[in-house]
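One structure is given here, and the rest of the page talks about it.
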There are 4 protein chains.
Amino acid sequence: MCQPDGGGLLSTGQDFTSDNASGASPVVIDALARANSRTALAYGDDPYTADLQAKLADLFEHEVTVLPMFTGTAANALSLSCMAPPFGAVFCHAEAHIFTSECGAPEFFTGGAKLIPLEGAEGRIDPHSFERALAELGKGVAHHFQPAGLSLTQATESGTLYELSRITELAGIAHREGLTVHMDGARLANAVAATKVSLAEMTWQSGIDVLSFGLTKNGGICAEAVIFFNQALASEARFRQKRAGQVASKMRFVSAQILALIEDGLWLDLASHANAMARRLTEGLSAEQITLPAQINEVFLKLTRDTADRLRGEGFMFHPWGVEPKHGECIYRFVTSFATEARDVDALIRALERARR
Amino acid sequence: MCQPDGGGLLSTGQDFTSDNASGASPVVIDALARANSRTALAYGDDPYTADLQAKLADLFEHEVTVLPMFTGTAANALSLSCMAPPFGAVFCHAEAHIFTSECGAPEFFTGGAKLIPLEGAEGRIDPHSFERALAELGKGVAHHFQPAGLSLTQATESGTLYELSRITELAGIAHREGLTVHMDGARLANAVAATKVSLAEMTWQSGIDVLSFGLTKNGGICAEAVIFFNQALASEARFRQKRAGQVASKMRFVSAQILALIEDGLWLDLASHANAMARRLTEGLSAEQITLPAQINEVFLKLTRDTADRLRGEGFMFHPWGVEPKHGECIYRFVTSFATEARDVDALIRALERARR
Amino acid sequence: MCQPDGGGLLSTGQDFTSDNASGASPVVIDALARANSRTALAYGDDPYTADLQAKLADLFEHEVTVLPMFTGTAANALSLSCMAPPFGAVFCHAEAHIFTSECGAPEFFTGGAKLIPLEGAEGRIDPHSFERALAELGKGVAHHFQPAGLSLTQATESGTLYELSRITELAGIAHREGLTVHMDGARLANAVAATKVSLAEMTWQSGIDVLSFGLTKNGGICAEAVIFFNQALASEARFRQKRAGQVASKMRFVSAQILALIEDGLWLDLASHANAMARRLTEGLSAEQITLPAQINEVFLKLTRDTADRLRGEGFMFHPWGVEPKHGECIYRFVTSFATEARDVDALIRALERARR
Amino acid sequence: MCQPDGGGLLSTGQDFTSDNASGASPVVIDALARANSRTALAYGDDPYTADLQAKLADLFEHEVTVLPMFTGTAANALSLSCMAPPFGAVFCHAEAHIFTSECGAPEFFTGGAKLIPLEGAEGRIDPHSFERALAELGKGVAHHFQPAGLSLTQATESGTLYELSRITELAGIAHREGLTVHMDGARLANAVAATKVSLAEMTWQSGIDVLSFGLTKNGGICAEAVIFFNQALASEARFRQKRAGQVASKMRFVSAQILALIEDGLWLDLASHANAMARRLTEGLSAEQITLPAQINEVFLKLTRDTADRLRGEGFMFHPWGVEPKHGECIYRFVTSFATEARDVDALIRALERARR
């Protein structure tokens, strides 16, 4: 068994459990303080939220409907509920967070829609798997869930990236069959930072209809947004957001976080830093330890149970990530963040060397 | 028609629209900054959230299960979903927020349970109305929703207070019939500040099984908690919280707000101040203007449409609150908060005098 | 207390509990036997169901989409689920079956929509009550359920009839506001028989978008149909029917019942007979005993508890129907059916005379 | 592509599409006629339904709670809704009807629970697959659906049978982990007829908590029942049945069908006949044509597209059943029923010989 990391002790540079173990960027805390100077109407009728709508339209170079949200779980589930009827099917990768880790939030928000898991190497959906699953579903046959949507995760759950051509291909299949396309962008910032592709190219220009834009992992406190490029999907969104308890009473404080992060490209700087720290880690390790190409800020390492225990004995924290199928080795995930420092990475590299001896 | 207040312009001392139009207490912002110094495990496995559990048990003098939440809507709806099956009925006042203003959140979270509105003067449920509704429902008859819960709002939507004896009486009826009892405590702090009754007396000692403890309106950014006194109701709560997208990724930042507010009684000080500002307002007005006894931080005034327009012309902001039944006069609600200053109230009093001439 | 009728003993001519206490017309049983001679594809792909679609289009003089259903509860709830989103509001009379007696089926099928009860004398919705409720709801405001539909019951739960002009008026208000209109026609046959109005006039010509056409109470075994006149509402219906477990495996046996009942106007003959029996009853009684005009096959009588007991002592069966508001007298409902015989009614009249002495 | 059988034309001895393409046993029609002689209270308060409860307790040799239902879809989905919370997981075979063919009824009735598909040869769940899936799910971790139930299909979707030891083993694993166990018995009669095992042994003695007992395919019109052996699961069942629109208005006509079928072992005779007809078919064919052991009344044949076309050209009807994985041959399903005659089977055998030349 590959043991999870116990305890909730406050750590710091030795904590590689996840990027949401880091706190917030000080810029975000400052933004909260600045947004605190006056009164503002509640429930989103405030100038920050209005400004956010305009700023995101600029950033994405497209008309958008923006819903500031508290969590990625809710952003994803709400997006899907605007795409799929209760008898609808949404296709996603078998490792997608919406499929594995949200305790039924998509089923809850949609009123019972079904997620259909697709295969594909390194976390990316294989178009053939998608085509096959579509063919099997039986569109129009009332005995079966009806195809309604496709959800892509960029960057993927495996810390890898979709190339634009793959997104375009998958979205093209979906649109051809009358489905709409969602992107789970919990780490979209890292993807953009890694590829130098614009947000517009990465999303609506590649066929994305609605995006969960996550900035919590990238320096926010609770800074998520559902962003509709396809306005036809947005008509019910505000009502669904309200009944889900996701309309912030003092919404300005969510909007202000996102505004602070997108101002002057801070979100890109933070994500670039996180990516660089992961790159620094992989460069310090031998290739055979690394199970997946580390394209963003996640590094997946094969470690013996012993090695993992020794690392933990030294204070390092990280999560197990299943078992490598071929040789049964345990895989562990190490995540860097905007707050990870180079010396933290270097210390981890040295500890890994020691532990493997 | 009694026109609503338009616009989302940032205001300040002239804004009496609601206590959630105020920002947060600077102490809360500081607490966020302090909670930002290190890493901490995500999703609630952090020391702030553990500490919160312990501190709230002390504050309420009872074993508690605490779920930090983002909004009052979600706190209320989640509470009800732990009390009522999808075919269950929950009784509440006809003016209760859960009945009038949450776009179906209770129905959503419970999977279709029904809210049954009860009558009662000044926002308080009349026990006879409750008994009558219970008798009409037809317990055990499969054609009907089955009685499951009672929800009380303390302080009420009308800015009034339940006496403990009334809470005890209503909860007693509920328990006699096998129902459990929820308290919507969006302004519980104001109620406690006004009555000098302890939180324990106000809640579990009076028969409350589960509480939505709201601190957002009282100086938080997004600082709500579901607090179970009846542990039997809590068994499903964490799963329901997760699937509702209400488990904060960086939960420490919600917990830290609440911790900051309950430390050294800050929550009581803030609520006392808000109450005092409302009292100052009523003391500056003639009795016939006031439609309801202002027991907490809300003042309901009868104003002619003209008077209201003139006040707004001077920059004051406030919400219409329906029409007084007997004479058809418009009623407007003025809410004070922890941030309202005495000079703001005095200016409003003077403006009201001018406007009514 | 007005005691209900106990026991489930088989009765016959003395049973006035409800029209669904009668069995089926022998013609319906014969039709089942005839439909049993060969194989037929399952789940509605059979010639009976195809024929039913055509025959009902003729009968209603309109293009229709027909879904044979097992129960009126399901027919109503399915209809509403095609009209209202989960955050939608459907207006209906406060005594409507969907509001009082279906254990949350509408809330279940719609995923949480809200039924808003309207007032109106003798079971008919008052247009002013509807207008008022619409105005109060707050269309477009995300805090509130959104107006989506209106449901009328013809004949009403009080055994009375809507005039066409009232239906047209109510449907007109609904359509003006963007709502669609449902008719619960559990006793529509009785309404048509009583008024000599055509089915077309009673339904789509008066503004009805979708109808629950009930024939179970009128001689069927389980013979209900959802009939869409507004085809835009029908697009999701078959999928919703399937997931509700309402697509009959051997659907021909539901369709065959309805076909038998509509052939040669049998449904009208049966309903006319039921109505005539109720008329015979009222004509044999003094006017002051009757609380509501008996316009179809239901008679509501004021009886003392003693009188009711004596009647039951003689073997008569009937249900209590609440308490008359002004004088507190118990009201009892007597329902006649296609199977009620004149001598049964005469015996009841005589027994009532004896019992009141 | 393996083409489906088109058209809904009435057929007879050449129809092998499914056992629900057959009509009802004449005994069932007679039972309806006999149940039609008097009035009876509606909604299940009738003597037939009371009698059914007693007779099924005798037949199953156990205390039971019985809910007469209209369809197998609803019986299955209702059963699951009494086992699993909305965040619960129910394990089933990947080919289970509840997983593949009910358009989300289980998700609908449970409020969003998840079906987790398990592998296993010939339609039977492999206990290792179940153990593995249980281990992966993460009991107690709020990010994941929580294990709640196991659903077995006896006979399986592949026309095969579970041995009692396998049922006991699977149910044992489930109970060990706190799950309850459902049996989808759409063709349980065929399984019992084939194995000579008692209903008691096949169900509660092997660990089944709740059963969908299907008699529609075995001679009924709409004759299904949910049967609870574990009374703790039954407490909410009647309310869930009502809100699903599955409480028959004239329930006696559902109950009377089941009573007629279980009287004097008719259900076993009908199922035995259907099984014998399938056996006759397989005995007339060469072994290599048959893809699965035909243990009940379903025969799965490998046919070339040409052969299938020729058979259809002669008037035979049957459904395609996917593609045989190894050689890509089309598989077709032939189902016999209580109404299939020996000469029909012989004619099919001869036609198959002709078609294959």
Exercise. Given label points at 7 Å from Cα along Cα→Cβ, what nm distances, shortest first, separate C:HIS128 from the same residue in every other copy?
Worked result: 2.7, 7.3, 7.7
For this session: Please turn the phi angles of region B:228-241 into ³J(HN,Hα) values with the Karplus equation 6.51 cos²θ - 1.76 cosθ + 1.60 (θ = phi - 60°), one per residue in order, whole Hz, x for glycine and proline.
Result: 8, 8, 8, 5, 4, 7, 8, 4, 9, 4, 5, 6, 5, 5
Exercise. How big is the antiparallel share of DSSP beta bridges in chain C, given as a percent to the nearest 5?
Worked result: 50
Exercise. If you count the DSSP beta bridges with both ends in region D:151-270, what percent of them are antiparallel, to the nearest 5?
Worked result: 40
Problem set entry | Global geometry of the protein assembly as shown, whether rounded, prolate or oblate, following the gyration tensor of its Cα atoms and the 1.5 cut on a/c | oblate
For this session: Give the long-range amide H neighbours of C:THR39: residues separated by 5 or more places, or on another chain, with amide H under 5 Å away, using H modelled in the peptide plane at 1.01 Å from N.
Result: D:SER11, D:THR12
Exercise. Under the Karplus relation 6.51 cos²θ - 1.76 cosθ + 1.60, θ = phi - 60°, what is the ordered set of whole-Hz ³J(HN,Hα) values for region D:140-157, x standing for Gly and Pro?
Worked result: x, 8, 5, 6, 10, 3, 9, x, 10, x, 10, 10, 10, 10, 10, 5, 6, 5
Seminar exercise, completed: Full extension between A:ALA121 and A:GLU288 adds, at 0.36 nm per residue less the Cα distance, a length in nm of 58.3 nm
Seminar exercise, completed: Amide H neighbours of C:ILE116 at under 5 Å, excluding residues fewer than 5 places away on the same chain, with H built from the backbone geometry, are C:VAL90, C:PHE91, C:CYS92
For this session: Express as a percent, rounded to the nearest 5, the fraction of DSSP beta bridges in the protein assembly as shown (both residues included) that run antiparallel.
Result: 50
For this session: Select the chain C residue whose beta carbon lies nearest to the rotation axis carrying chain C onto chain D, and write the distance in whole Å.
Result: C:PHE70, 2
For this session: Would you please give the residues with an amide H less than 5 Å from that of A:GLN146, counting only those at least 5 places away or on a separate chain, with H modeled from the backbone geometry?
Result: A:GLY88, A:ALA89
Seminar exercise, completed: Between the modelled labels at D:ARG357 and A:SER129 (7 Å from Cα along Cα→Cβ) the distance in nm is 4.9
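For chain A, calculate the relative contact order in percent as a whole number, restricting contacts to Cα pairs under 8 Å that are 6 or more residues apart.
Relative contact order here is 24 percent.
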For this session: Pop out the ³J(HN,Hα) list for region C:100-109 in order, Karplus 6.51 cos²θ - 1.76 cosθ + 1.60 with θ = phi - 60°, rounded to Hz; leave Gly and Pro as x.
Result: 9, 9, 10, 6, x, 4, x, 5, 5, 5
Exercise. Relative to the other copies, what are the label-point distances for A:HIS62, with labels 7 Å from Cα along the C-beta vector, expressed in nm at one decimal and sorted shortest first?
Worked result: 4.1, 5.0, 5.5
For this session: Going by C-beta contacts inside 10 Å, put B:CYS330, C:CYS82 in order with the fewest on the left.
Result: B:CYS330, C:CYS82
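Give the calculated FRET efficiency between B:ALA200 and A:GLU324 to the nearest 0.05, with a Förster radius of 56 Å applied to their Cβ-Cβ distance.
Details: r = 54 Å, r/R0 = 0.96.
Efficiency, rounded to the nearest 0.05: 0.55.
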Exercise. How far is C:ILE290 from the same spot in each other copy, in nm, shortest first, if each label point sits 7 Å from Cα toward Cβ?
Worked result: 5.8, 7.1, 9.0
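Read the figures in this text as sums done on the coordinates, not as results from a lab. Everything numeric in this text was worked out from a predicted model, so none of it was measured. Here the Cβ is made from the backbone with ideal geometry for all residues, glycine too, and neighbour counts use every protein chain on show.
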